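Each value in this text was obtained by applying a stated rule to the coordinates, not by laboratory testing. Keep in mind it's a predicted model, so treat the numbers as computed, not measured. Glycine gets a Cβ as well: all are built from the backbone with ideal geometry, and neighbour counts include every protein chain shown.
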Amino acid sequence: MIDNTIFENKTAAYYTLGCKLNFAESSAIGKVLEEHGVRKVRGGETANICVVNTCSVTELADKKCRQTIRKIAKKHPGAFIVVTGCYAQLKPEEVADIQDVDLVLGAEQKLEIVNYLGNLQKSDSGHGEVVTSKFKDIKKFHHSCSRGDRTRYFLKVQDGCDYFCSYCTIPLARGRSRNGDIADLVKQAQTVAAEGGKEIVLTGVNIGDFGKSNGEKLIDLIKALDNVEGIERYRISSIEPELLTDEIIEYVAQSKRFVPHFHIPLQSGCDEVLKLMRRHYDTALFAHKVNKIKSVMPHCFIGVDVIVGVRGERPEYFESALNFIESLDISQLHVFTYSERAGTQALKIDYVVDPKEKHRRSQAILEISERKLKAFYESQKGKTMKVLFEQPGKDKPMHGFTDNYVRVEAPFDASVINKCVEIKLGDFNEAGDSLLAE
């Protein structure tokens with residue numbers, strides 16, 4: 001039995017690094033603490049508890065986590081500091097050695113945080129307490145749904161991954177693939193609608209693998225969510241190309257609420273490199289998926305992830321990838337520079353790309369992305385589309401997004417915040433990152 005008197009008049013601050021899935025989980029952690037009497041800290045207050053939900057996708061991510069923890073210790077002196085997330089799961093002892101860290105929780109324990117807080121007595125050993133499970137024992141699916149800083153909610157539908165790509169530590173950090181039940185996820189969407197939420201982004205580690213733990217199918221989840229009254233839009237945050245079925249594409253094309261927007265990880269546009277990465281598709285399949293989307297939704301926004309400079313990416317392989325990416329009818333590229341991670345199979349590959357060459361390759365892909373994004377925005381000028389406007393910063397114009405993810409700028413009008421309103425799309429704004437509302 002938990003003694004809730006420990007949490008009386010206590011406040012907590014939450015810090016989240018990394019993906020939208022982390023943000024959803026941080027929100028769920030906050031709700032758990034709130035149910036036990038812990039209030040979220042207000043501006044200017046010093047928190048009693050600080051929860052840091054970490055990322056570990058690259059070495060830079062680890063560094064940012066360490067910096068964040070040190071800043072928190074200064075901002076909230078004497079606070080009980082809990083660190084969880086991927087960095088905590090992968091390198092718990094390293095995290096526990098960071099000054100002022102009191103508790104390190106693994107992926108299996110993060111949503112059971114109240115069971116491990118004790119009496120909130122800070123560690124005096126210089127080494128935080130560690131509570132983690134081996135990755136093969138990470139089996140629980142914790143439901144999480146959060147509202148973003150703007151108007152979107154992020155609904156976690158799946159967690160973990162069974163792929164073990166050669167460059168990636170996510171299966172080690174998050175465990176095996178597992179998911180929620182359709183009925184429970186529909187209830188969460190209904191709750192969002194009751195709160196006035198208009199847009200939900202489906203999040204997960206490998207969303208296309210939905211159903212692995214209970215035999216359900218992603219297409220059936222999509223159909224069920226599509227019938228939730230009150231939600232105007234759903235976005236699928238990211239989905240592996242071989243798991244993005246033609247059935248899903250065709251359903252989204254005629255869906256009431258799922259928008260024409262896909263985010264698909266390519267990682268490399270060269271088949272030789274895809275094999276080294278241990279990916280589950282080739283460039284021919286990826287091109288088919290892009291062409292299929294565009295054949296039924298010509299106005300669809302397609303975002304693509306690419307990693308540059310992985311071990312084994314010889315110059316001729318990168319040039320092949322560059323040419324393939326140029327040929328794709330996509331809207332934007334998210335470029336990641338390869339970072340070596342302990343415990344991955346990629347470290348066995350001999351050919352190593354020089355850091356300066358990695359940077360050059362990254363810039364080359366970013367240049368393609370800028371051109372493709374501008375061309376996509378140009379193709380949308382003059383169209384009348386619904387825009388969901390967000391609360392702007394003080395003395396700033398409003399921004400919002402069309403269903404196909406075109407960013408739109410308009411003069412401030414409080415009456416349309418968090419509403420979908422029809423807008424005619426004009427020219428680029430001064431910054432060149434949005435189209436103006438006419």
**Q.** Chain lengthening between residue 424 and residue 229 when straightened (0.36 nm per residue, less Cα-Cα)
**A.** 67.6 nm
Q) Hey, what do the phi angles of segment 77-94 turn into as Karplus ³J(HN,Hα) couplings, whole Hz, using 6.51/-1.76/1.60 and θ = phi - 60°, x for Gly and Pro? A) x, x, 5, 7, 9, 10, 10, 9, x, 5, 4, 5, 6, 6, 9, x, 5, 4
Q) Counting Lys and Arg as +1 and Asp and Glu as -1, each charge on the Cβ, what is the dipole of the chain about the Cα centre in debye, to the nearest 20? A) 400
Q.
Taking 0.36 nm per residue of sequence separation and subtracting the Cα-Cα distance, how much length would be gained by fully extending the chain between residue 136 and residue 115, in nm to one decimal?
A. 5.4 nm
**Q.** DSSP-defined antiparallel bridges as percent of all bridges, the chain, nearest 5
**A.** 30
Q: Give the relative contact order (percent, whole number) for segment 222-355; include only Cα pairs under 8 Å separated by 6+ residues.
A: 25
Q | Sorted by Cβ neighbour density within 10 Å, fewest at the top, the residues 36, 399 | A | 36, 399
(Q) Rounded to whole Å, give me the distance from the Cα center of segment 327-378 to that of segment 93-155. (A) 32
Q.
Using the basic label-point model (7 angstrom from Cα toward the beta carbon), what is the residue 190 to residue 334 distance in nanometres?
A. 3.1
Q | Under-5 Å amide H pairs with residue 40, H placed in peptide plane, nonlocal only | A | 12
(Q) Quick check on the chain: helices-only [θ] at 222 nm, where DSSP H runs of length 4 and up contribute -39,500 (n - 2.57) each and the sum goes over total residues. Nearest 500, please. (A) -10000 deg cm²/dmol
Q.
Take residue 415 and residue 214, extend 7 Å from each Cα along the Cα→Cβ direction, and tell me the distance between the two endpoints in nm.
A. 4.3
**Q.** Contour excess over end-to-end distance, with Cα ends at residue 256 and residue 181 and 0.36 nm allotted per residue
**A.** 24.8 nm
Q | Cβ-placed point charges (K, R +1; D, E -1), dipole of segment 308-384 about Cα centre in debye, nearest 20 | A | 280
Q. In which sequence would 42, 233, 178 go, from the one with the fewest C-beta neighbours within 10 Å to the one with the most?
A. 42, 233, 178
Q. Which distance in nm do the two modelled labels at residue 63 and residue 356 give, with both placed 7 Å along the Cα-to-Cβ direction?
A. 1.9
Q) Which whole-number percent is the relative contact order of the chain (Cα, under 8 Å, 6+ apart)? A) 10
Q.
Can you give me the long-range amide H partners of residue 234? Hydrogens built in the peptide plane at 1.01 Å from N, cutoff under 5 Å, separation of 5 or more residues or another chain.
A. 200, 258, 259
(Q) Return the unpartnered cysteines for the chain, using a Cβ-Cβ cut-off of under 4.7 Å. (A) 19, 50, 55, 65, 86, 145, 161, 270, 300, 420
Q | Reachable aspartates and glutamates from residue 256, criterion Cα separation under 17 angstrom, eight or more residues apart if same chain | A | 199, 220, 226, 229, 232, 247, 403, 422
Q | Mean separation of Cα contacts under 8 Å, 6 or more apart, over the residue count of segment 4-133: relative contact order % | A | 23
